[in-house]
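Asker: Take this structure first; my questions come after.
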Amino acid sequence: MAAALPALVSACGSDGGPDTSIPPARLTFANRLRIPPLARPATGPGGVKRFDLTMRRGQAELLAGRRTETWGFNGPHLGPTIRARRGDTVQMAVTNQLGEASTVHWHGMRLPARMDGGPHQPIEPGASWSPRWTIDQPAATTWYHPHPHGSTAMHVYRGLAGLFLIDDPDGPKLPSAYGVDDIPLILQDKRFAADGSPTGDPHRGTFGMLGDHVLVNGTHDPCLEVSTERVRLRLLNGSNARMYHVEFADRRAFQVVGTDAGLLNAPVETARVSLSPGERVEIVAGFTAGEQVILRSAGGDADIDEGDLDLLKVVARDRLAESPAVPARLADTRIDVPAGARVRRFRLNGHDAINGEEMDPSRIDEVVPAGAREIWEVENHVYAHNFHIHEVAFRVLDVDGAPPPAYLAGPKDTVYVPGKSTVRLAVEFGHHIDPTTPYMYHCHLLRHEDSGMMGQFVIVRPGTEDLVPRTLAHAAHHG
Ligand code: C2O
Ligand code: CU
Ligand code: CU
(Lines give C-alpha, C1' and ligand atoms only; values in the text may rest on other atoms or scores of the structure.)
(Ligands and ions follow the chains in the order given, each with its own letter.)
Protein backbone atom coordinates (compact mmCIF):
# COMPACT_ATOMS: atom_id res chain seq x y z
CA MET A 1 0.00 0.00 0.00
CA ALA A 2 2.91 2.26 0.69
CA ALA A 3 3.45 2.86 -3.01
CA ALA A 4 0.01 4.48 -3.33
CA LEU A 5 0.85 7.12 -0.78
CA PRO A 6 2.25 10.46 -1.89
CA ALA A 7 5.99 10.60 -1.44
CA LEU A 8 7.29 13.28 0.85
CA VAL A 9 9.73 14.99 -1.42
CA SER A 10 13.15 15.69 0.05
CA ALA A 11 12.02 15.14 3.63
CA CYS A 12 15.24 13.25 3.99
CA GLY A 13 17.41 16.26 3.11
CA SER A 14 19.08 17.26 -0.10
CA ASP A 15 20.58 14.59 -2.27
CA GLY A 16 23.72 16.46 -3.15
CA GLY A 17 26.46 18.35 -1.41
CA PRO A 18 29.49 16.47 -0.14
CA ASP A 19 29.63 16.30 3.62
CA THR A 20 33.03 17.41 4.79
CA SER A 21 32.32 17.16 8.48
CA ILE A 22 35.43 15.70 10.01
CA PRO A 23 35.46 16.34 12.98
CA PRO A 24 31.73 15.94 13.45
CA ALA A 25 29.40 18.80 12.75
CA ARG A 26 25.74 18.81 13.64
CA LEU A 27 23.96 16.26 11.56
CA THR A 28 21.67 17.44 8.79
CA PHE A 29 20.20 13.99 8.10
CA ALA A 30 20.99 14.41 4.45
CA ASN A 31 21.40 10.77 3.53
CA ARG A 32 18.71 8.20 3.10
CA LEU A 33 19.30 5.33 5.52
CA ARG A 34 20.81 2.41 3.70
CA ILE A 35 19.00 -0.87 4.28
CA PRO A 36 21.33 -3.87 3.92
CA PRO A 37 20.05 -6.06 1.06
CA LEU A 38 18.38 -9.33 1.93
CA ALA A 39 20.54 -12.30 0.98
CA ARG A 40 18.87 -14.60 -1.53
CA PRO A 41 19.45 -18.25 -0.74
CA ALA A 42 19.75 -20.99 -3.32
CA THR A 43 17.58 -23.95 -2.42
CA GLY A 44 19.38 -27.27 -2.64
CA PRO A 45 18.39 -30.91 -2.20
CA GLY A 46 16.18 -31.48 0.82
CA GLY A 47 15.23 -27.81 0.90
CA VAL A 48 18.59 -26.75 2.34
CA LYS A 49 18.96 -22.99 1.99
CA ARG A 50 22.44 -22.07 0.83
CA PHE A 51 23.72 -18.56 1.43
CA ASP A 52 26.92 -17.45 -0.27
CA LEU A 53 29.07 -14.97 1.59
CA THR A 54 32.34 -13.62 0.27
CA MET A 55 34.59 -11.65 2.60
CA ARG A 56 36.33 -9.06 0.48
CA ARG A 57 37.94 -5.67 0.36
CA GLY A 58 36.31 -2.87 -1.53
CA GLN A 59 35.74 0.83 -1.74
CA ALA A 60 32.86 2.57 -0.04
CA GLU A 61 31.77 6.16 0.44
CA LEU A 62 31.24 6.26 4.18
CA LEU A 63 31.35 10.04 4.07
CA ALA A 64 29.80 11.56 0.97
CA GLY A 65 32.35 12.35 -1.70
CA ARG A 66 35.20 10.38 -0.10
CA ARG A 67 35.89 6.88 -1.30
CA THR A 68 37.89 4.76 1.03
CA GLU A 69 38.96 1.15 1.43
CA THR A 70 36.57 -0.90 3.54
CA TRP A 71 35.84 -4.57 4.10
CA GLY A 72 32.51 -6.30 3.63
CA PHE A 73 30.57 -9.44 2.79
CA ASN A 74 29.43 -9.62 -0.86
CA GLY A 75 29.96 -5.88 -1.14
CA PRO A 76 32.41 -3.23 -0.03
CA HIS A 77 30.99 -2.62 3.43
CA LEU A 78 28.94 -4.63 5.98
CA GLY A 79 27.01 -7.66 4.76
CA PRO A 80 23.59 -8.69 3.50
CA THR A 81 20.84 -9.49 5.97
CA ILE A 82 20.26 -13.21 6.14
CA ARG A 83 16.72 -14.25 6.93
CA ALA A 84 15.61 -17.80 7.64
CA ARG A 85 12.95 -19.63 9.59
CA ARG A 86 13.02 -21.84 12.57
CA GLY A 87 13.23 -25.39 11.22
CA ASP A 88 15.22 -24.41 8.14
CA THR A 89 18.48 -26.16 7.40
CA VAL A 90 20.96 -23.57 6.25
CA GLN A 91 24.34 -23.90 4.67
CA MET A 92 26.61 -20.91 4.67
CA ALA A 93 29.21 -20.95 1.90
CA VAL A 94 31.81 -18.48 3.14
CA THR A 95 34.79 -17.56 0.98
CA ASN A 96 37.66 -15.48 2.29
CA GLN A 97 39.11 -13.04 -0.22
CA LEU A 98 40.57 -10.67 2.35
CA GLY A 99 44.15 -11.76 1.84
CA GLU A 100 44.46 -12.77 5.48
CA ALA A 101 42.88 -15.41 7.69
CA SER A 102 39.59 -14.67 9.38
CA THR A 103 36.49 -16.47 10.66
CA VAL A 104 32.75 -15.88 10.62
CA HIS A 105 30.91 -16.34 13.89
CA TRP A 106 27.11 -16.58 14.07
CA HIS A 107 26.52 -14.53 17.18
CA GLY A 108 23.34 -15.67 18.90
CA MET A 109 22.96 -18.85 16.89
CA ARG A 110 22.58 -22.11 18.79
CA LEU A 111 24.54 -24.63 16.82
CA PRO A 112 27.28 -27.26 17.00
CA ALA A 113 30.64 -25.85 18.11
CA ARG A 114 32.32 -26.80 14.82
CA MET A 115 29.87 -24.52 12.98
CA ASP A 116 30.22 -21.63 15.43
CA GLY A 117 32.91 -19.73 13.55
CA GLY A 118 34.98 -18.81 16.57
CA PRO A 119 38.79 -18.80 16.68
CA HIS A 120 38.92 -22.58 16.08
CA GLN A 121 37.34 -22.38 12.62
CA PRO A 122 39.82 -20.20 10.70
CA ILE A 123 39.24 -19.58 7.02
CA GLU A 124 42.59 -19.16 5.33
CA PRO A 125 43.02 -16.56 2.59
CA GLY A 126 41.47 -17.91 -0.60
CA ALA A 127 39.75 -20.75 1.24
CA SER A 128 36.06 -21.48 1.83
CA TRP A 129 34.14 -22.80 4.81
CA SER A 130 30.65 -24.27 4.62
CA PRO A 131 29.02 -24.83 7.98
CA ARG A 132 25.53 -26.26 7.93
CA TRP A 133 22.97 -26.54 10.70
CA THR A 134 19.26 -26.70 11.34
CA ILE A 135 17.85 -23.62 13.00
CA ASP A 136 16.18 -24.70 16.20
CA GLN A 137 15.59 -21.68 18.39
CA PRO A 138 12.97 -18.97 18.78
CA ALA A 139 12.64 -15.99 16.49
CA ALA A 140 15.48 -13.54 17.15
CA THR A 141 17.72 -10.85 15.74
CA THR A 142 21.17 -12.41 15.56
CA TRP A 143 24.24 -11.27 13.68
CA TYR A 144 27.48 -12.46 12.15
CA HIS A 145 31.00 -11.11 12.33
CA PRO A 146 34.63 -12.30 12.23
CA HIS A 147 36.22 -13.81 15.34
CA PRO A 148 39.92 -14.41 14.56
CA HIS A 149 41.71 -14.29 17.89
CA GLY A 150 43.60 -11.02 18.27
CA SER A 151 42.18 -9.38 15.13
CA THR A 152 38.43 -9.32 15.69
CA ALA A 153 38.41 -5.62 16.56
CA MET A 154 40.09 -4.61 13.30
CA HIS A 155 38.08 -6.96 11.09
CA VAL A 156 34.79 -5.68 12.50
CA TYR A 157 35.90 -2.05 12.48
CA ARG A 158 36.76 -2.26 8.79
CA GLY A 159 33.19 -3.28 8.07
CA LEU A 160 32.67 -7.01 8.46
CA ALA A 161 29.28 -7.45 10.14
CA GLY A 162 25.76 -8.37 9.11
CA LEU A 163 22.39 -9.38 10.51
CA PHE A 164 20.87 -12.85 10.62
CA LEU A 165 17.13 -12.72 11.36
CA ILE A 166 15.31 -15.81 12.52
CA ASP A 167 11.56 -15.93 11.91
CA ASP A 168 9.21 -18.29 13.65
CA PRO A 169 6.16 -19.13 11.54
CA ASP A 170 4.26 -19.90 14.76
CA GLY A 171 5.23 -16.65 16.44
CA PRO A 172 3.08 -13.57 17.16
CA LYS A 173 2.31 -11.10 14.44
CA LEU A 174 4.74 -8.21 14.49
CA PRO A 175 5.72 -5.80 11.73
CA SER A 176 7.92 -7.88 9.44
CA ALA A 177 8.06 -6.27 5.99
CA TYR A 178 11.81 -5.88 5.71
CA GLY A 179 12.86 -2.33 4.95
CA VAL A 180 9.26 -1.10 5.20
CA ASP A 181 8.01 -1.57 8.75
CA ASP A 182 10.77 -3.90 9.94
CA ILE A 183 13.95 -1.88 9.88
CA PRO A 184 17.44 -2.94 10.95
CA LEU A 185 19.59 -0.31 12.65
CA ILE A 186 23.24 -1.35 12.97
CA LEU A 187 24.96 1.24 15.16
CA GLN A 188 28.71 1.65 14.71
CA ASP A 189 30.88 4.53 15.77
CA LYS A 190 33.92 5.64 13.80
CA ARG A 191 36.59 8.23 13.62
CA PHE A 192 37.48 9.54 10.20
CA ALA A 193 40.77 10.68 8.71
CA ALA A 194 40.77 13.63 6.32
CA ASP A 195 40.50 11.27 3.34
CA GLY A 196 37.30 9.79 4.77
CA SER A 197 38.82 6.51 5.85
CA PRO A 198 37.93 5.07 9.25
CA THR A 199 40.87 5.78 11.51
CA GLY A 200 41.80 5.22 15.11
CA ASP A 201 43.33 2.16 16.69
CA PRO A 202 40.71 -0.25 18.02
CA HIS A 203 43.36 -1.62 20.38
CA ARG A 204 44.29 1.72 21.87
CA GLY A 205 43.86 2.65 25.53
CA THR A 206 41.66 0.88 28.03
CA PHE A 207 38.60 0.39 25.84
CA GLY A 208 39.88 0.72 22.32
CA MET A 209 38.60 3.44 20.10
CA LEU A 210 35.44 5.42 20.75
CA GLY A 211 34.32 7.15 17.58
CA ASP A 212 32.77 10.59 17.32
CA HIS A 213 30.60 9.77 14.28
CA VAL A 214 27.92 7.09 14.37
CA LEU A 215 27.05 5.28 11.18
CA VAL A 216 23.72 3.50 11.00
CA ASN A 217 23.82 0.59 8.55
CA GLY A 218 27.00 2.21 7.28
CA THR A 219 25.14 5.44 6.50
CA HIS A 220 26.52 8.69 7.80
CA ASP A 221 24.04 11.44 8.73
CA PRO A 222 21.04 9.19 8.05
CA CYS A 223 17.35 9.81 7.58
CA LEU A 224 14.62 7.18 7.49
CA GLU A 225 11.25 7.76 5.88
CA VAL A 226 8.47 5.61 7.33
CA SER A 227 5.13 4.83 5.74
CA THR A 228 3.31 2.90 8.47
CA GLU A 229 1.88 3.87 11.86
CA ARG A 230 4.09 1.44 13.69
CA VAL A 231 7.59 0.39 12.85
CA ARG A 232 9.72 -2.36 14.31
CA LEU A 233 13.29 -1.22 14.74
CA ARG A 234 15.90 -3.92 15.25
CA LEU A 235 18.81 -2.24 16.98
CA LEU A 236 22.22 -3.89 16.94
CA ASN A 237 25.19 -2.39 18.69
CA GLY A 238 27.89 -3.44 16.23
CA SER A 239 30.45 -1.07 17.71
CA ASN A 240 33.85 -2.03 19.04
CA ALA A 241 33.41 -0.46 22.47
CA ARG A 242 30.77 2.24 22.54
CA MET A 243 27.57 1.82 24.53
CA TYR A 244 24.37 3.59 23.45
CA HIS A 245 21.38 4.77 25.47
CA VAL A 246 18.83 5.05 22.71
CA GLU A 247 15.78 7.30 22.96
CA PHE A 248 13.70 9.61 20.83
CA ALA A 249 14.48 13.30 21.27
CA ASP A 250 10.89 13.93 22.48
CA ARG A 251 11.21 11.01 24.95
CA ARG A 252 8.16 9.27 23.52
CA ALA A 253 7.46 5.82 24.84
CA PHE A 254 7.85 2.76 22.65
CA GLN A 255 7.47 -0.96 23.19
CA VAL A 256 10.36 -3.33 23.57
CA VAL A 257 9.37 -6.66 22.05
CA GLY A 258 12.63 -8.58 21.98
CA THR A 259 16.21 -8.79 23.15
CA ASP A 260 19.26 -10.74 21.96
CA ALA A 261 17.92 -14.27 22.05
CA GLY A 262 14.25 -13.76 21.28
CA LEU A 263 10.97 -12.11 22.09
CA LEU A 264 9.92 -10.97 25.53
CA ASN A 265 6.91 -12.64 27.11
CA ALA A 266 5.01 -9.39 26.75
CA PRO A 267 5.91 -5.99 25.34
CA VAL A 268 7.56 -3.62 27.82
CA GLU A 269 6.91 0.07 27.46
CA THR A 270 9.84 2.38 28.03
CA ALA A 271 11.41 5.51 26.59
CA ARG A 272 15.05 4.42 26.58
CA VAL A 273 17.04 1.26 25.95
CA SER A 274 20.75 0.73 26.51
CA LEU A 275 22.92 -1.46 24.33
CA SER A 276 26.52 -2.45 24.96
CA PRO A 277 28.55 -3.97 22.10
CA GLY A 278 26.98 -7.09 20.64
CA GLU A 279 23.55 -6.55 22.22
CA ARG A 280 20.30 -6.31 20.23
CA VAL A 281 16.94 -4.84 21.13
CA GLU A 282 13.78 -4.97 19.04
CA ILE A 283 11.35 -2.12 19.61
CA VAL A 284 8.04 -1.11 18.04
CA ALA A 285 7.62 2.65 17.83
CA GLY A 286 4.54 4.62 16.78
CA PHE A 287 4.57 7.63 14.46
CA THR A 288 1.99 10.19 13.40
CA ALA A 289 1.58 11.33 9.82
CA GLY A 290 3.87 14.10 8.70
CA GLU A 291 6.00 14.26 11.82
CA GLN A 292 9.76 14.20 12.16
CA VAL A 293 11.63 12.94 15.20
CA ILE A 294 15.25 12.29 15.97
CA LEU A 295 16.53 9.07 17.45
CA ARG A 296 19.54 9.77 19.61
CA SER A 297 21.88 8.30 22.15
CA ALA A 298 22.20 10.00 25.51
CA GLY A 299 25.64 10.11 27.09
CA GLY A 300 26.33 8.38 30.39
CA ASP A 301 29.15 7.96 32.84
CA ALA A 302 30.38 4.48 32.01
CA ASP A 303 33.48 5.65 30.05
CA ILE A 304 32.17 3.84 26.97
CA ASP A 305 29.09 6.01 26.49
CA GLU A 306 30.49 9.52 26.49
CA GLY A 307 28.58 12.32 24.77
CA ASP A 308 25.10 12.87 23.39
CA LEU A 309 24.90 11.71 19.80
CA ASP A 310 22.16 12.03 17.23
CA LEU A 311 21.70 8.74 15.42
CA LEU A 312 18.97 9.15 12.84
CA LYS A 313 16.06 11.32 11.81
CA VAL A 314 12.74 9.55 11.25
CA VAL A 315 10.35 11.27 8.85
CA ALA A 316 6.77 10.01 8.70
CA ARG A 317 4.92 10.36 5.42
CA ASP A 318 1.84 12.56 5.24
CA ARG A 319 -0.34 9.47 5.16
CA LEU A 320 0.55 6.33 7.02
CA ALA A 321 -0.67 2.81 6.44
CA GLU A 322 -2.47 1.33 9.41
CA SER A 323 -0.53 -1.11 11.57
CA PRO A 324 -2.01 -3.76 13.82
CA ALA A 325 -1.45 -3.28 17.56
CA VAL A 326 1.41 -5.14 19.19
CA PRO A 327 0.05 -8.39 20.65
CA ALA A 328 -0.24 -8.41 24.44
CA ARG A 329 1.49 -11.82 24.62
CA LEU A 330 4.59 -12.49 22.57
CA ALA A 331 6.19 -15.65 23.90
CA ASP A 332 5.93 -17.87 26.93
CA THR A 333 9.42 -19.06 27.52
CA ARG A 334 11.31 -18.18 30.62
CA ILE A 335 14.76 -19.41 31.50
CA ASP A 336 14.91 -20.78 35.01
CA VAL A 337 17.44 -22.84 36.87
CA PRO A 338 16.59 -25.71 39.19
CA ALA A 339 17.15 -25.43 42.92
CA GLY A 340 20.76 -26.27 43.71
CA ALA A 341 21.90 -25.41 40.20
CA ARG A 342 25.62 -25.25 39.68
CA VAL A 343 27.10 -21.78 40.12
CA ARG A 344 30.22 -20.74 38.22
CA ARG A 345 32.05 -17.52 38.99
CA PHE A 346 33.88 -15.29 36.54
CA ARG A 347 36.03 -12.50 37.89
CA LEU A 348 36.80 -9.55 35.65
CA ASN A 349 39.93 -7.59 36.48
CA GLY A 350 41.84 -5.33 34.12
CA HIS A 351 41.03 -5.95 30.47
CA ASP A 352 42.89 -9.03 29.33
CA ALA A 353 41.84 -11.92 31.54
CA ILE A 354 38.93 -13.75 33.16
CA ASN A 355 39.55 -15.36 36.55
CA GLY A 356 43.12 -14.16 36.22
CA GLU A 357 43.82 -16.10 33.04
CA GLU A 358 44.32 -14.87 29.53
CA MET A 359 42.55 -16.72 26.75
CA ASP A 360 44.51 -19.81 25.71
CA PRO A 361 43.08 -21.61 22.68
CA SER A 362 44.47 -24.93 23.93
CA ARG A 363 42.92 -24.68 27.41
CA ILE A 364 39.36 -25.74 28.23
CA ASP A 365 38.20 -23.58 31.10
CA GLU A 366 34.74 -24.99 31.73
CA VAL A 367 33.10 -28.32 31.01
CA VAL A 368 29.31 -28.16 30.87
CA PRO A 369 26.91 -31.11 30.62
CA ALA A 370 24.49 -30.92 27.68
CA GLY A 371 21.19 -29.29 28.51
CA ALA A 372 22.47 -27.84 31.80
CA ARG A 373 20.87 -24.87 33.48
CA GLU A 374 23.39 -23.04 35.61
CA ILE A 375 23.98 -19.76 37.32
CA TRP A 376 26.92 -17.80 35.95
CA GLU A 377 28.00 -15.03 38.22
CA VAL A 378 30.10 -12.31 36.63
CA GLU A 379 31.93 -10.21 39.16
CA ASN A 380 33.49 -7.04 37.80
CA HIS A 381 36.16 -5.46 39.99
CA VAL A 382 37.05 -2.65 37.64
CA TYR A 383 35.51 -0.44 34.93
CA ALA A 384 32.83 -1.15 32.32
CA HIS A 385 32.82 -4.56 30.61
CA ASN A 386 30.20 -6.81 29.17
CA PHE A 387 29.81 -10.56 28.89
CA HIS A 388 28.77 -12.72 25.98
CA ILE A 389 28.35 -16.49 25.93
CA HIS A 390 28.26 -18.42 22.67
CA GLU A 391 25.56 -21.02 21.97
CA VAL A 392 23.36 -20.24 24.98
CA ALA A 393 20.37 -18.15 25.93
CA PHE A 394 20.37 -16.60 29.36
CA ARG A 395 18.22 -14.46 31.57
CA VAL A 396 19.64 -11.71 33.77
CA LEU A 397 18.68 -12.62 37.33
CA ASP A 398 20.05 -9.55 39.01
CA VAL A 399 22.61 -6.79 38.95
CA ASP A 400 24.12 -6.24 42.40
CA GLY A 401 21.17 -8.10 43.85
CA ALA A 402 18.48 -5.97 42.17
CA PRO A 403 16.37 -7.20 39.26
CA PRO A 404 17.28 -5.70 35.87
CA PRO A 405 14.96 -3.23 34.11
CA ALA A 406 11.88 -5.08 32.85
CA TYR A 407 12.96 -4.99 29.22
CA LEU A 408 16.24 -6.73 30.14
CA ALA A 409 14.54 -9.68 31.79
CA GLY A 410 14.00 -11.53 28.51
CA PRO A 411 16.22 -13.97 26.62
CA LYS A 412 19.74 -12.70 25.99
CA ASP A 413 23.26 -13.74 25.05
CA THR A 414 25.22 -10.58 25.89
CA VAL A 415 24.93 -8.37 28.94
CA TYR A 416 26.42 -5.13 30.13
CA VAL A 417 28.43 -5.53 33.33
CA PRO A 418 28.80 -2.12 34.96
CA GLY A 419 32.06 -1.28 36.72
CA LYS A 420 32.38 -2.73 40.23
CA SER A 421 29.22 -4.77 40.04
CA THR A 422 28.08 -8.35 39.92
CA VAL A 423 25.65 -9.70 37.35
CA ARG A 424 24.03 -13.09 37.82
CA LEU A 425 22.73 -15.02 34.84
CA ALA A 426 20.43 -18.04 34.55
CA VAL A 427 22.03 -19.83 31.61
CA GLU A 428 20.41 -22.46 29.40
CA PHE A 429 22.92 -24.62 27.51
CA GLY A 430 22.23 -26.57 24.37
CA HIS A 431 22.61 -30.18 23.39
CA HIS A 432 25.35 -30.20 20.76
CA ILE A 433 27.91 -32.48 22.37
CA ASP A 434 31.53 -32.07 21.33
CA PRO A 435 34.21 -32.47 24.00
CA THR A 436 37.02 -31.32 21.73
CA THR A 437 35.62 -28.16 20.15
CA PRO A 438 35.06 -25.26 22.52
CA TYR A 439 32.65 -22.38 22.49
CA MET A 440 33.76 -18.97 23.76
CA TYR A 441 32.61 -16.63 26.47
CA HIS A 442 34.14 -13.19 26.59
CA CYS A 443 33.86 -9.47 27.02
CA HIS A 444 32.40 -8.10 23.76
CA LEU A 445 34.38 -4.89 23.96
CA LEU A 446 36.50 -6.12 21.09
CA ARG A 447 39.73 -4.64 22.38
CA HIS A 448 39.27 -6.71 25.55
CA GLU A 449 38.26 -9.84 23.70
CA ASP A 450 41.32 -9.55 21.45
CA SER A 451 43.66 -9.03 24.37
CA GLY A 452 42.55 -12.21 26.11
CA MET A 453 39.42 -11.46 28.14
CA MET A 454 37.92 -14.68 26.84
CA GLY A 455 37.51 -18.26 28.01
CA GLN A 456 36.44 -21.55 26.46
CA PHE A 457 33.85 -24.16 27.39
CA VAL A 458 32.82 -27.47 25.92
CA ILE A 459 29.46 -29.21 26.07
CA VAL A 460 29.70 -32.89 26.96
CA ARG A 461 27.50 -35.88 27.64
CA PRO A 462 26.18 -35.56 31.22
CA GLY A 463 28.25 -37.70 33.57
CA THR A 464 31.43 -37.48 31.48
CA GLU A 465 32.57 -34.07 32.77
CA ASP A 466 35.57 -35.47 34.63
CA LEU A 467 36.73 -37.64 31.74
CA VAL A 468 37.13 -34.80 29.29
CA PRO A 469 40.67 -33.62 28.51
CA ARG A 470 41.26 -30.01 29.57
CA THR A 471 43.94 -29.45 26.97
CA LEU A 472 43.39 -29.39 23.24
CA ALA A 473 46.36 -30.93 21.48
CA HIS A 474 45.58 -29.54 18.07
CA ALA A 475 44.16 -26.15 18.92
CA ALA A 476 44.41 -23.75 16.05
CA HIS A 477 46.71 -20.85 16.90
CA HIS A 478 45.55 -18.30 14.47
CA GLY A 479 45.33 -14.62 15.08
CU1 C2O B 1 29.78 -11.52 18.82
CU2 C2O B 1 32.23 -14.30 20.48
O3 C2O B 1 31.04 -12.89 19.61
CU1 CU C 1 28.86 -14.98 19.86
CU1 CU D 1 35.74 -5.64 28.68
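Asker: How big is the accessible area of C12 in square angstrom, nearest 10, if you roll a 1.4 angstrom probe over the protein chains?
Answerer: 0 Å²
Asker: Treating only the Cβ of Lys, Arg, Asp and Glu as charged (+1, +1, -1, -1), what charge dipole size does the chain show about its Cα centre? Round to the nearest 20 debye. Working shown, then result.
Answerer: Numbers: 48 positive and 58 negative charges, 171 e Å.
Rounded to the nearest 20 debye, it is 820 debye.
Asker: For region 343-467, what is the convex hull (Cα atoms) projected area averaged across all directions, in square nanometres? Write out the running numbers ahead of the final one.
Answerer: Numbers: hull surface 28.7 nm².
With the hull built on Cα positions only, its mean projection is 7.2 nm².
Asker: For region 300-382, just say rounded, prolate or oblate: build the C-alpha gyration tensor, square-root its eigenvalues into a ≥ b ≥ c, call rounded for a/c under 1.5, and beyond that prolate if a/b exceeds b/c, oblate if not.
Answerer: Details: a/c = 3.14, a/b = 1.53, b/c = 2.05.
Because a/c hits 1.5 or more and a/b fails to exceed b/c, region 300-382 counts as oblate.
Asker: What number, rounded to the nearest 500 deg cm²/dmol, is the helix-based mean residue ellipticity at 222 nm of the chain, given -39500 (n - 2.57) per DSSP H run of at least four residues and division by all its residues?
Answerer: On the way: 2 runs with 11 residues, N = 479.
Counting only the DSSP helices, I get -500 deg cm²/dmol.
Asker: Between A328 and D136, what's the calculated FRET efficiency when r is the beta-carbon distance and R0 is 25 Å? Round to 0.05. All intermediate terms of the calculation are to be shown ahead of the outcome.
Answerer: Working: r = 27 Å, r/R0 = 1.07.
It comes to 0.40.
Asker: Test of understanding: extend the Cα→C-beta vector of R319 to 7 Å, then name every residue of region 207-232 with backbone N under 15 Å from that spot.
Answerer: 227-229
Asker: May I pose another question? Could the peptides 238-250, 172-184 be put in order, highest first, of the mean number of other beta-carbon atoms found within 10 Å of their residues?
Answerer: Details: 238-250: 23.1, 172-184: 17.8.
Sorting 238-250, 172-184 by mean packing, highest first, produces 238-250, 172-184.
Asker: At q = 0.10 Å⁻¹, what log₁₀ I(q)/I(0) does the chain have when each alpha carbon counts as one equal point scatterer in the Debye sum?
Answerer: Computed log10 I(q)/I(0) values: -0.71.
Asker: On to the next question. For region 342-479, which whole-number percentage of the solvent-accessible area (1.4 Å probe, protein heavy atoms only) is attributable to carbon and sulfur atoms?
Answerer: Carbon and sulfur: 50 percent of the exposed surface of region 342-479.
Asker: Separate question: Solvent-accessible area per residue for the chain at a 1.4 Å probe radius, Å²?
Answerer: Per-residue accessible area for the chain comes out at 37 Å².
Asker: Oh, and also: Stokes-Einstein at 20 °C, 1.002 mPa s, Kirkwood radius from Cα pairs: D for region 10-167 in µm² s⁻¹?
Answerer: Numbers: Rh = 16.9 Å.
Approximately 127 µm²/s, per Stokes-Einstein.
Asker: Compute the relative contact order of the chain as a whole-number percentage, counting only Cα pairs closer than 8 Å that sit 6 or more residues apart in sequence.
Answerer: Details: 1346 pairs, mean separation 71.0, N = 479.
Across the chain, relative contact order equals 15 percent.
Asker: Set the Förster distance to 35 Å, then compute FRET efficiency between R373 and A298 from the Cβ-Cβ distance, nearest 0.05.
Answerer: 0.45
Asker: Spin-label point model (7 Å from Cα, Cβ direction): what's the A406 to T471 distance in nm?
Answerer: Distance between the two pseudo-spin positions: 5.4 nm.
Asker: Would you mind computing Rg(Cα) / (2.2 N^0.38 Å) for region 229-362, counting N as its residues?
Answerer: Numbers: Rg = 18.9 Å, N = 134, 2.2 N^0.38 = 14.1 Å.
Computed over Cα atoms of region 229-362, the ratio equals 1.33.
Asker: Taking R0 as 60 Å, what's the FRET efficiency between R251 and A42 from their Cβ-Cβ distance, rounded to 0.05?
Answerer: With a Förster radius of 60 Å, E is 0.85.
Asker: Using Cβ-Cβ distances only, list the Cys residues of the chain with no partner cysteine under 4.7 Å, sorted by number.
Answerer: C443
The values are calculated or read from the model by the stated rules, or taken from the named source; none is laboratory data. These numbers were taken from a predicted model, which means no experiment stands behind them. All Cβ positions, glycine included, derive from the backbone under ideal geometry; neighbour counts span all protein chains shown. Accessible surface areas use protein heavy atoms only, side chains included; no ligands, DNA or RNA. Shrake-Rupley method; radii C 1.70, N 1.55, O 1.52, S 1.80 Å.
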